């Protein structure tokens, strides 16, 4: 048998009519006329698909494009197809509306319907349409109507307690029920004129509007595993920072990521002061460093996650703050929420009270600082806001501390279906109190599924060695994971049983 999926032509009409008569109860709406098919092919040729078996059309899928802002997709079938005139077809619309699928009964064992659905999905992606919408009959409902409602029937089909030849097939092809439609198809006595409004979402859809949402789907990260060293001057410190920005930019990276408190070598002149006072003096350097990093971000065309630095607000409270310096000239800030006992005891620091994602030219990203990653609630809240990449600048003095950060970062990647990039410092600062030694192995972690490394580690630096780690991450892989992963942690949470809410 020779089987192929192709677009329909008017020459196929006789085969189409014969197959449709065999597939359907023709009392429900009748058979498509030659003029109907001719009009559809003229309006939207690529949307009319068929399966040819041994030279004859034995299955067919017809569709139009609608503008969801102009056309109510909950309307009846006849309203959607404009009673056969197809006036709702809009080439500039964003939704592919499936108006017909049928397979000749003699060929149903070959699963030709699945081929047509797959072809529709490919067309939806090629045309950059947001979704596929269709009204689906529930032909077995009349057998259960005396005992259960349409909603209960649909739930039982979902749970595979009831088989429905239409709905079961559509659910198995990744469609989900959006709504129950009443009086959808006149004279459909089997469904009692009920239908389901079904939707399949195109995860590759890009809105046709100007936005700073993702323009690239492969994002290159440059993690700076920073060597703590003494600097003779602030200018020498800036030279070292610029060197790394230049290196990362030279690899066309989208982000350069520095570690937590990477500027602490500048505390050396204040080593004779109490630790809290020395940290406040270091905070005086934060604004100039931020401004210089913003200049680097613009001039080297790379977004810079500026590790973290101490800041003091108008009330005299000191925070551990990370800045995201966009290459567009914008600056975002995040204050570390969870302050370690060490930071509280020696520096008198306060925790921040804001949790939000940042919109960049590479999509939505989040930042948490070191100890924050050990609390799963914050990354989960960021994931709920659409985060794809979580940056974690950290500073750990021992391998024990590093293991906590690493293990928790890997867990955050898996449970939030995102990438997590951790960047730390190595070396030692003998002339800075409470910053004697550092241990780090910077890395990029991924979810654990077939599209990713089996150990969930995309890449990692050499431990305790100054270097730059360059890594590409694929946002398309995340989208596919969200929809088709072996497990779907973001979708399978029991919202009916527990919820996580941000209070501020």
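The values are calculated or read from the model by the stated rules, or taken from the named source; none is laboratory data. Please read these numbers as outputs of a predicted model, since none were measured by experiment. Cβ: placed from backbone, ideal geometry, glycine included. Neighbour counts: every protein chain shown.
General remarks:
Residue-wise test of (1) outside the structural domain of residue 77 (by TED's automatic domain parsing); (2) free of Cβ contacts under 8 Å to residues at least 24 places away in the same chain; (3) within 27 Å of the chain's Cα centre (by Cα); (4) surrounded by fewer than 16 Cβ atoms within 10 Å (Cβ to Cβ).
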{"position": "163", "(1), (2), (3), (4)": "no, yes, no, yes"}
{"position": "167", "(1), (2), (3), (4)": "no, no, no, no"}
{"position": "172", "(1), (2), (3), (4)": "no, yes, yes, yes"}
{"position": "187", "(1), (2), (3), (4)": "no, no, no, yes"}
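- Candidates 384, 372, filtered to the one that is assigned by TED's automatic domain parsing to the domain that holds residue 263 and under 17 Å from the mean Cα position of the chain (by Cα): 384
- Taken over region 385-435, the residue count meeting the criterion of being closer than 19 Å to residue 342 by Cα and part of a helix (DSSP H, G or I) is 7.
- Within region 447-486, the set of residues being surrounded by fewer than 16 Cβ atoms within 10 Å (Cβ to Cβ), under 15 Å from the mean Cα position of the chain (by Cα) and more than 27 Å from residue 222 (Cβ to Cβ) comprises 483, 484.
- Residues located in region 295-310, provided they are more than 16 Å from residue 395 (Cβ to Cβ) and surrounded by 20 or more Cβ atoms within 10 Å (Cβ to Cβ): 296, 297, 302, 303, 304
- Test: residue in region 42-50 that is more than 19 Å from residue 128 (Cα to Cα) and surrounded by fewer than 15 Cβ atoms within 10 Å (Cβ to Cβ): yes
- Scanning region 465-504 for residues that are within 14 Å of residue 422 (Cα to Cα) and either touching a helix residue (DSSP H, G or I) at 6+ places or on another chain (Cβ under 7 Å) or assigned to a loop (DSSP other than H, G, I, E, B) (or both) returns a single hit, 468.
- Scope region 67-98; condition closer than 18 Å to residue 124 by Cα, in contact with a helix residue (DSSP H, G or I) (Cβ under 9 Å, 6 or more places away or on another chain) and touching a residue at least 60 places away in the same chain (Cβ under 8 Å); matching residues: 73
- Count of residues meeting criterion [over 21 Å from the mean Cα position of the chain (by Cα) and modelled with pLDDT under 95] in region 354-369: 1
- Residue in region 17-39 that is assigned by TED's automatic domain parsing to the domain that holds residue 193 and under 21 Å from residue 174 (Cα atoms) present: no
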